[in-house]
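Here's the structure, in structure tokens; my notes come after.
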Amino acid sequence: MDLQIRVVPKAKRNSIEIGDDGLFKVRVTAAPERGKANDAVITLLSKLIGVPKRDIQIVRGHTARNKLVRVEGATTKQVIAKLSSD
């Protein structure tokens, strides 16, 4: 399934919330340099959704705050339920 997210790098803590625009807002403590923030996003999503990191990839937006992330091995309902409950 594909998931639209907005990344906020250099946050005080790692977290996920639903923004006013309906997108998941992913806050990570990593800086947006040399892919560190992207790696942190994948690690956080992997932990919260419960799938291996290899099953999550950034499809679009590698250098932008708005990203399209593909999650394999989980249904849309499962992903939204797990991210919304956090």
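The values are calculated or read from the model by the stated rules, or taken from the named source; none is laboratory data. Everything quoted here is computed from the prediction, not taken from an experiment. Heads up, the Cβs are rebuilt from the backbone with ideal geometry, glycines too, and the neighbour counts pull from every protein chain shown. Please note that ligands, DNA and RNA were not included when accessible areas were found on the heavy atoms of the full protein model with its side chains. Shrake-Rupley method; radii C 1.70, N 1.55, O 1.52, S 1.80 Å.
If Val59 satisfies all but one of (1) within 13 Å of the chain's Cα centre (by Cα); (2) assigned to a helix (DSSP H, G or I); (3) loosely packed, with under 14 Cβ neighbours inside 10 Å, what's the number of the condition it fails?
Among (1) within 13 Å of the chain's Cα centre (by Cα); (2) assigned to a helix (DSSP H, G or I); (3) loosely packed, with under 14 Cβ neighbours inside 10 Å, the lone unmet condition for Val59 is (2).
Inspect the range 64-74 for any residue being β-branched (Val, Ile, Thr) and surrounded by fewer than 16 Cβ atoms within 10 Å (Cβ to Cβ) and give the result as yes or no.
Checking the range 64-74: not a single residue is β-branched (Val, Ile, Thr) and surrounded by fewer than 16 Cβ atoms within 10 Å (Cβ to Cβ).
Give the residue that is modelled with the lowest pLDDT, with candidates limited to residues of the range 53-86 that are acidic (Asp, Glu) and in contact with a helix residue (DSSP H, G or I) (Cβ under 7 Å, 6 or more places away or on another chain). Walk me through how you get there before you give the answer.
Going residue by residue through the range 53-86, those that are acidic (Asp, Glu) are 55, 72, 86.
Imposing the further condition that a residue be in contact with a helix residue (DSSP H, G or I) (Cβ under 7 Å, 6 or more places away or on another chain) reduces the set to 72, 86.
Numbers: Glu72: 93, Asp86: 59.
Once the filter is applied, the top-ranked residue is Asp86.
Can you tell me how many residues within the range 35-56 are charged (D, E, K, R), in contact with a strand residue (DSSP E or B) (Cβ under 9 Å, 6 or more places away or on another chain) and either within 21 Å of Lys12 (Cβ to Cβ) or open to solvent by 90 Å² or more (accessible area, probe 1.4 Å) (or both)?
So the count comes out to 0.
Going residue by residue through the range 32-41, is there one that turns out to be within 12 Å of Leu3 (Cβ to Cβ) and either within 13 Å of the chain's Cα centre (by Cα) or not in a strand (DSSP E or B) (or both)?
yes
Any idea which residue in the range 3-16 is nearest to Lys77 (Cα to Cα), counting only those that are outside any loop (DSSP other than H, G, I, E, B) and open to solvent by less than 70 Å² (accessible area, probe 1.4 Å)?
My answer is Leu3.
Under 6 Å between Cβ atoms, which residue pairs at least 6 apart in sequence (or on different chains) link something in the range 63-76 that is in a loop (DSSP other than H, G, I, E, B) with a partner that is open to solvent by 80 Å² or more (accessible area, probe 1.4 Å)?
Between residues of the range 63-76 that are in a loop (DSSP other than H, G, I, E, B) and residues that are open to solvent by 80 Å² or more (accessible area, probe 1.4 Å), the close pairs are Arg65/Arg6.
Quick check on Ala11: is it at pLDDT 90 or above and either in contact with a Phe, Trp or Tyr (Cβ under 8 Å, 6 or more places away or on another chain) or among the aliphatic types (A, V, I, L, M) (or both)? Working first, answer last.
Working: at pLDDT 90 or above: yes; either in contact with a Phe, Trp or Tyr (Cβ under 8 Å, 6 or more places away or on another chain) or among the aliphatic types (A, V, I, L, M) (or both): yes.
Yes, satisfied.
Starting from residues that are of a type in the set (Lys, Arg) and touching a residue at least 12 places away in the same chain (Cβ under 8 Å), keep the ones in the range 17-34 and report whichever is surrounded by the fewest Cβ atoms within 10 Å (Cβ to Cβ).
Result: Lys25.
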